[in-house]
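The values are calculated or read from the model by the stated rules, or taken from the named source; none is laboratory data. None of the values given here were measured: they were computed from a predicted structure. As a convention, Cβ positions derive from the backbone with ideal geometry for all residues, glycine included, and neighbour counts pool all protein chains shown. To get the accessible areas, we keep the full protein, side chains included, count just its heavy atoms, and leave off ligands, DNA and RNA. Shrake-Rupley method; radii C 1.70, N 1.55, O 1.52, S 1.80 Å.
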Amino acid sequence: MKKIVVMSGKGGVGKSTVAANLAFKLSSEGNQVGIFDSDFHGPSIPQMLNVKEDVLGAKDEQSIEPVQVNPNLKAVSMEFLLPDNDSAVIWRGPMKMKAIKDFQEKVQWGDLDYLVIDLPPGTGDEPLSIAQQFNDLEGSIIVTTPQKVAVQAVRRSIDFSKKVGMKVLGVVENMSTLTCPNCGEEIDVFGSGGGEKMAEELDISFLGSIPLDPDIMKSGEEGKSLIETDSKSSEMFENIVMNLKKELGE
Ligand code: ADP
């Protein structure tokens, strides 16, 4: 099983979108895929996979059965334990760590080809200890938007990856450009290219960029895979997965 961490230096840059679509894409190729949403405070994976109302199963106290999204894709998220959509998780650090440990030890994933781990945003203690609890990680994908504030956070994400002893598989620049629906012109809303430049400077792989695209937002809201939409962004995402596979030596 290849365990891949998806992380970001800050929130709202599209980390979960990348994690969900990576899981969708790998599972669509016939792989057995698991996705673990470890973002306690903003779990959004169930919405993006359209399994928001599902609950985790258990055969006994020692096992947790993931939610089956489709025949090739299973998911575990904090959200499956919350009583309703409006519930906030107000847990102290040790409680969160205990829950993560339980998930890590008890989830019956079965035979997986890939496990995608969506980390909480940032590089604080919480994502650090979560990443440390998983062993044999293949590496991390760092998602960023092009602005300086986001790109600066990539440096911290790289440092973070080093601390947990994992390879940086590469950087994805999200919300790169916007195609004007009227004239087709590419607009650099956040100034594209920052992620790529940073990757070059720091000598890490650039996996590709994803434009700001209403289809991406819509597919996330509807719980659909981006590759089901016939958009240009879908092609760009497939290219990212191809580059990722090269990094994985596949
Ligand atoms: P994060 O996990 O980094 O907090 P999300 O993946 O949850 O970010 O994305 C935040 C919001 O932005 C979601 O509503 C998502 O659908 C939307 N979004 C992400 N990437 C794009 C994009 N490239 N184009 C349009 N909307 C996007």
List every residue pair whose Cβ atoms lie under 7 Å apart, where the two residues are 6 or more positions apart in sequence or sit on different chains, the first residue falls within segment 44-59 and is more than 21 Å from E222 (Cβ to Cβ), and the second residue, located anywhere, is away from the ligand (no atom under 14 Å from the Cβ) and in a loop (DSSP other than H, G, I, E, B). L56/P66
Restricting to segment 201-223, name every residue that is open to solvent by 90 Å² or more (accessible area, probe 1.4 Å) and more than 10 Å from the ligand (Cβ to nearest atom). E201, D203
Positions within segment 148-198 being within 29 Å of K3 (Cα to Cα), open to solvent by 70 Å² or more (accessible area, probe 1.4 Å) and among the acidic types (D, E), in sequence order: D159, E196
Being open to solvent by 10 Å² or more (accessible area, probe 1.4 Å) and within 13 Å of the ligand (Cβ to nearest atom) is the filter here; which residues of segment 1-13 pass it? G9, K10, G11, G12
Is there any pair linking a residue in segment 225-250 that is hydrophobic (A, V, I, L, M, F, W, C) to one that is modelled with pLDDT of 95 or more and open to solvent by 70 Å² or more (accessible area, probe 1.4 Å), with Cβ under 8 Å and at least six apart or on different chains, and which? I227/S28; I227/E238
For M198, only one of the following conditions fails: (1) outside any strand (DSSP E or B); (2) within 13 Å of the ligand (Cβ to nearest atom). What is its number? (2)
Restricting to segment 15-34, and then to whatever is open to solvent by less than 10 Å² (accessible area, probe 1.4 Å) and more than 10 Å from the ligand (Cβ to nearest atom), can you tell me which residue is nearest to P146 (Cα to Cα)? L22
Do any residues in segment 180-197 that are touching a residue at least 24 places away in the same chain (Cβ under 8 Å) have Cβ atoms under 6 Å from those of residues that are of a type in the set (G, A, S), where the two are at least six apart or on different chains, and which pairs are they? S192/S176
Does at least one position in segment 35-48 carry a residue that is open to solvent by 50 Å² or more (accessible area, probe 1.4 Å) and closer than 23 Å to L207 by Cβ? no
Of all residues making up segment 105-129, the number that are modelled with pLDDT of 90 or more, more than 16 Å from the ligand (Cβ to nearest atom) and open to solvent by 50 Å² or more (accessible area, probe 1.4 Å): 5
